[in-house]
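Rule-based calculations on the coordinates, nothing more; no lab input. Please read these numbers as outputs of a predicted model, since none were measured by experiment. Glycine also receives a Cβ, built like all others from the backbone with ideal geometry; neighbour counts cover every protein chain displayed.
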Amino acid sequence: MTKKPNQGTICVQSGWRPKNGEPRMLPIFQSTTFKYDDSDQMARLFDLKDTGYFYTRLQNPTNDTVADKIKELEGGVAAMLTSSGQAASFYSVFNVCEAGSHFIASNNIYGGTYNLFGVTMKKLGIDCTFFDPDCTNEEIERLIQPNTKCVFGETISNPGCHVFDIERFARMAHRHGLPLIIDNTFATPINCRPIEWGADIVIHSTTKYLDGHATSVGGCIVDSGNFDWLAHAEKFPGLCQPDASYHGLTYAKAFGKNAFITKATAQIMRDLGSIQSPFNAFLLNLGIETLHLRMQRHCQNAQRVAEFLSANEKVAWISYPGLPTDKYYSLGQKYLPDGSCGVIAFGLKGDRDTAIRFMDSLKMISIVTHVADARTCVLHPASHTHRQLSEEQLRAAGIAPDLIRLSVGIEDVEDIIADIKQALGE
Ligand SMILES: *Cc1c(COP(=O)(O)O)cnc(C)c1O
């Protein structure tokens, strides 16, 4: 048997494996539909008796090839692409929840996810309780109810840069027969593989480092295949009882370790349709080919910038798990020994306007809503991404009103620091 390839090799070589005479590069199957010679073949696909392509809303070969590469990077058994990270977050939870269900999520998560869970999913009758991951197990376990279906957290939180104790929360979730869903967007599988720490489902906004060039909004869901749905059949009727919309098929029985992704594809994607465009999947694949190189550079640069900022007297506070003084340094050493990510959160001495003035003075570094791509950029969450949250919700989500989110790119670090220096008036 050949040795399992390392992450850098998977980034470059996995996914598309051309046969003799086929294109070397992953083709874009820009086709809505697929042709069959007889009607029975097509019917078997619709019954999920055969695997194959029939309509791109359900599956597309370009998308599946890229999902396969991400699956391998994360060490999972099955994966699917979605049109955005938001769709991946929603599908991953909705795949185990229905009206009347409850789940718990870390309050230290991306603002869009916080809103999705706290407001929009409530309208569907799915209730989320947010917990502070710094609380004790007893305090958090008290939030688990008989109708609780999953636990959700982010490896490195956007924008606070807090590190989530994956192993601790996996143990807690499993004690209660619940799967742990981890948003691994900021760490990427180069710096952390949550499945190895007990996570059951891993999701990504591929819009960020995986694409890495700010070209394509996208998402991905990876299943570890480790959660035993049938052992908790009463909790997960969607997976463990017959699906009336699929001729009474029971996903957990028919598909075993592939049950979660098969249901999310055959039922949720079929009905809600947040498919990624094959063209975007092509660009995503191109991005992933250099993910291991870019992450290394993002982390080296961010470490230098974090050290510069932490030594600067105009900086009031800084959050970056690579700094030995950081609250999450030891968790970072455990889960992210090779580096965390390029994102730094910090505050300047002064008021909210001090942050705005600093950002407006930057020359090379631009103000964009985006984060985690090749170009260094900056954002003030309280004024931008999180402006729909109240001051109280901001505090609950661990976001200080003066928090500046600096996403350090892969430029020459001396130029990044020089721009920050001049914007600080030095
Ligand atoms: C951006 C982001 C999302 C949402 O992803 P989109 O691709 O913008 O829909 C979810 N989680 C995290 C951690 C993110 O940074």
*Phi to ³J(HN,Hα) by Karplus 6.51 cos²θ - 1.76 cosθ + 1.60 over segment 314-324, Hz, x for Gly, Pro*: 7, 8, 7, 7, 8, 10, 7, x, x, 8, x
_Cα long-axis angle, helix 166-175 against the chain (0 to 90 degrees, to the nearest 10)_ = 40 degrees
*To the nearest 20 debye, what charge dipole does the chain have about its Cα centre, counting +1 at the Cβ of each Lys and Arg and -1 at the Cβ of each Asp and Glu?*
460 debye
*Along segment 92-109, what does the Karplus equation 6.51 cos²θ - 1.76 cosθ + 1.60 (θ = phi - 60°) give for ³J(HN,Hα), rounded to whole Hz, x for Gly and Pro?*
4, 7, 5, 5, 10, 10, 8, 3, x, 7, 9, 8, 10, 9, 4, 7, 9, 9
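For ALA43 and ARG375 in one chain, what is 0.36 nm times their gap in residues minus the Cα-Cα distance, to one decimal in nm?
Length gained, ALA43 through ARG375: 114.7 nm.
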_Sequence ranges 66-75, 326-335, ranked by mean other-Cβ count within 10 angstrom, highest first_ = 66-75, 326-335
*Go through LYS253/LYS334; LYS123/LYS253; LYS4/LYS149; LYS257/LYS327; LYS3/LYS71; LYS208/LYS263 and tell me which ones have a Cα-Cα distance over 28 Å in this structure.*
LYS253/LYS334; LYS123/LYS253; LYS4/LYS149; LYS257/LYS327
*List the GluC sites (Glu not before Pro) within segment 231-330 that fall in a DSSP loop (any state other than H, G, I, E or B) and whose Cβ has at most 11 other Cβ atoms within 10 Å.*
GLU234, GLU313
*Counting only DSSP beta bridges with both residues in segment 176-333, tell me the antiparallel percent, nearest 5.*
65 percent
*Roughly how many whole Å is it from the C-alpha centroid of segment 140-200 to that of segment 6-27?*
31 Å
*Starting from one equal scatterer on each C-alpha and no solvent at all, send me the Debye-based log10 I(q)/I(0) for segment 181-320 at q = 0.12, 0.14 Å⁻¹, two decimals.*
-0.66, -0.81
*Using 0.36 nm per residue of separation minus the Cα-Cα distance, give me the extension gain between ASP50 and SER31 in nm, one decimal.*
4.8 nm
_Going by amide H atoms built from the backbone, whose H comes under 5 Å of the H on TYR55, apart from near neighbours?_
none
*Can you bin segment 373-415 into rounded, prolate or oblate? Criterion: square roots of the alpha carbon gyration tensor eigenvalues sorted a ≥ b ≥ c, rounded for a/c under 1.5, prolate for a/b above b/c, oblate for the rest.*
prolate
_Skipping prolines and chain starts, which residues have an amide H placed within reach, meaning under 5 Å, of the one on CYS150, given they are 5 or more residues away or on another chain?_
ILE104
*222 nm mean residue ellipticity, helices alone, for the chain (DSSP H n ≥ 4; -39,500 (n - 2.57); rounded to 500)*: -9000 deg cm²/dmol
_Give me, ordered by chain and number, the residues 5 or more places off SER205 or on other chains with an amide H under 5 Å from its own placed amide H._
THR185
*Take the Cα pairs of segment 273-382, get the Kirkwood Rh, then feed it into Stokes-Einstein at 20 °C and 1.002 mPa s and tell me D in µm²/s.*
135 µm²/s
*asked:* Starting from the Kirkwood Rh over alpha-carbon pairs, what translational D in µm² s⁻¹ does the chain have by Stokes-Einstein at 4 °C and 1.567 mPa s?
replied: 58 µm²/s
*asked:* Translational diffusion coefficient of segment 2-113 at 25 °C, 0.890 mPa s, Stokes-Einstein with Kirkwood Rh over Cα pairs, in µm²/s as a whole number.
replied: 143 µm²/s
*For segment 122-130, take each phi angle, set θ = phi - 60°, evaluate the Karplus expression 6.51 cos²θ - 1.76 cosθ + 1.60, and give the result in whole Hz per residue in order, putting x for glycine and proline.*
4, 5, 8, x, 10, 9, 10, 10, 8
